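Worksheet: one structure, shown below.
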Amino acid sequence: MNHRKKIYSGLISLAVLASIFAGIITHSKNESLKVIFLDVGQGDAILIEQGEKQILIDGGPSGKKILEELGKYVPFWDRKIDIVIATHPDSDHISGLVDVLKNYEVGEIIKTDAQSASDVDNAFRDLISDKKVEKQTAEKGLAVKLSEDVRLDIIAPKADENVSEENDTNSGSIVAKLSYGKNKFLFTGDFPIEKDHELIADNPDFGAQVLKVSHHGSKNATSGEFLKAVSPETAIISVGNGNRYGHPAEEALSRLKIAGSDILRTDERGDVVFECRSIAQKCFLGQ
Ligand SMILES: [Zn+2]
C-alpha cells in the first residue's frame, strides 16, 4: 500500500468509527418508545424498547428466531435486556427465553412460581439460578419502571393465585399493562376466558388502546365482556401461519369485530411495531 492509499484507508476507518459513535449517541438520547410484537411463529414475544433499555415479555418457541428478532431492534453494542417477563411456563412463551438468557445479560426476571414439568421449563429455571439473575415474583400490585415515563403494572395473578395447576398453566398467566402518558397497552399471555369476569371486577380502570389478544386468538380466551371493558382500538394476534391449533378461532375473531377493534396478525404482517414519540402524543403503527 502506498502512502496515499494508507491515508485514504485511515480516513475511511475514522469516518466509519465516527458514524458508529454518532449512532450510539443518537440512539441513547432518543427517549421515544417502541412496542414491538415480534413475529416468532406460534407463540408470543413482545419487545418494549426505549433508548438502550428493554423489557422483553416472553421469548416465543425458538431460540434462533428470538435472537434473530432481537438482532433487528436491539443495537449490536447493547448486550443487556433490562427486564424479562415470563408470562407462564409454556414452551411457546419460554423456549426462546432460554437462549436470551444464554446470549444477553438479563437485569431482572419477573415470573410467577408456576412450574411445568417440561424439559424447557427445567432448563429455564436452572439457567436463572446458575446465572444468578435477580428474580421478582409477579403478582398484582407489582409495578416496574423502564424510565420516568414508562411504567408496567402487573394486574394478574393475585398474590394468593401465584401458583397455577401444572396442567393448567394458562390460568396463572401474567397480565400486565404498559403506560406511557395516555397510551396504554395490555398484555395478557394466554389468560383464559373463565377468569375474565373476575379480572374485570378486580380492575375497574382497564381500558387500553392496544391489546395483545390472549392465547393466540383461541376461542377459550377474550370474552365479549372483557373486550367491552378494555375497548381496544387495535388487537394484536401473535400466531404462527398454518398452526395446528387452528388459532385464531372464528369465535374470537368475531368477538373482536363486534368490539370494533382493528385486528393485526403476526402471521399476516410479520412484526407489528408501535412507535411512541412522546407521552403527549398517541402511539402510531410503524412500518
Ligand atoms: Zn401460548
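A few remarks follow.
- Any pair with Cβ under 9 angstrom, 6 or more apart, that starts in segment 36-57 at a residue that is free of Cβ contacts under 8 Å to residues at least 60 places away in the same chain and ends at one that is among the small types (Gly, Ala, Ser) and buried (at least 24 other Cβ atoms within 10 Å of the Cβ): LEU56/ALA45
- Of all residue pairs spaced 6 or more apart or on separate chains, those with beta-carbon atoms under 6 Å, a first member in segment 213-234 that is under 13 Å from ILE258 (Cα atoms) and outside any strand (DSSP E or B) and a second member that is among the polar types (S, T, N, Q) and within 16 Å of the ligand (Cβ to nearest atom) are THR222/SER214.
- Index of the failed condition, TYR73 passing every other in (1) away from the ligand (no atom under 15 Å from the Cβ); (2) closer than 20 Å to ASP149 by Cα: (2)
- Taking segment 250-269 as the range and being of a type in the set (Gly, Ala, Ser) and under 22 Å from the mean Cα position of the chain (by Cα) as the test, the residues that pass are ALA252, SER261.
- Selection count, segment 144-191, where residues are away from the ligand (no atom under 16 Å from the Cβ) and among the small types (Gly, Ala, Ser): 4
- When PHE185 is tested against (1) assigned to a helix (DSSP H, G or I); (2) under 26 Å from GLN50 (Cβ atoms); (3) aromatic (Phe, Trp, Tyr), only condition (1) is not met.
- Residue ID - nearest to LYS34 (Cα to Cα), chosen from residues in segment 76-97 that are of a type in the set (Val, Ile, Thr) and within 16 Å of the ligand (Cβ to nearest atom): ILE85
Read-outs: derived from the displayed coordinates by stated rules, not from any lab. Small disclaimer: the values here were computed from a predicted structure and weren't measured. For neighbour counting, all protein chains shown are included, and Cβ atoms are generated from backbone atoms with ideal geometry for every residue, glycine included.
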